[in-house]
Amino acid sequence: MKSWNANDAPTTVELTFVNGNKQYTVKRNPEYERKKARGNGFTKQSAGGSRVELKLN
C-alpha cells in the first residue's frame, strides 16, 4: 500500500549488507497499482527483484 501523498516514484526497497568478505545488495519491488501512462485509471505493476554479490578485498 502506498500513501496518497506519495509521488509517482516506483515503490522499491533496497538493502545492502556485508557478510564476511562479500557485500550483497538486494532490491525488491512489490506488486502495486500505478497511474496508467495513457488515459485515466491505474494498472498493476508486477513484482520483481534482484540480488548483486560483490567480493571484497
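The values are calculated or read from the model by the stated rules, or taken from the named source; none is laboratory data. Note that the coordinates shown come from a computational prediction; the quantities given were computed from them, not determined experimentally. Here the Cβ positions follow ideal geometry from the backbone for every residue, glycine too, while neighbour counts run over all protein chains shown. Accessible surface is based on the protein model in full, side chains and every heavy atom, while ligands, DNA and RNA are left aside. Shrake-Rupley method; radii C 1.70, N 1.55, O 1.52, S 1.80 Å.
Mind giving me the FRET efficiency for Phe17 and Arg38? R0 is 35 Å, r the Cβ-Cβ distance, nearest 0.05 is fine.
The value I calculate is 0.30.
If you roll a 1.4 angstrom probe over the protein chains with everything in place, what fraction of the accessible area of the chain belongs to carbon and sulfur, to the nearest %?
49 percent
Leaving out ligands and nucleic acids, and using a 1.4 Å probe, what accessible area per residue does the chain come to in Å²?
Details: 5250 Å² over 57 residues.
On a per-residue basis, 92 Å².
Excluding same-chain residues fewer than 8 positions from Lys27, which aspartates and glutamates have a Cα within less than 15 Å of its Cα?
Output for Lys27: Glu14, Glu53.
In cubic angstrom, how much convex hull volume per residue do the alpha carbon atoms of the chain span?
Working: hull volume 5.8 nm³, N = 57.
About 102 Å³ per residue, rounded to a whole number.
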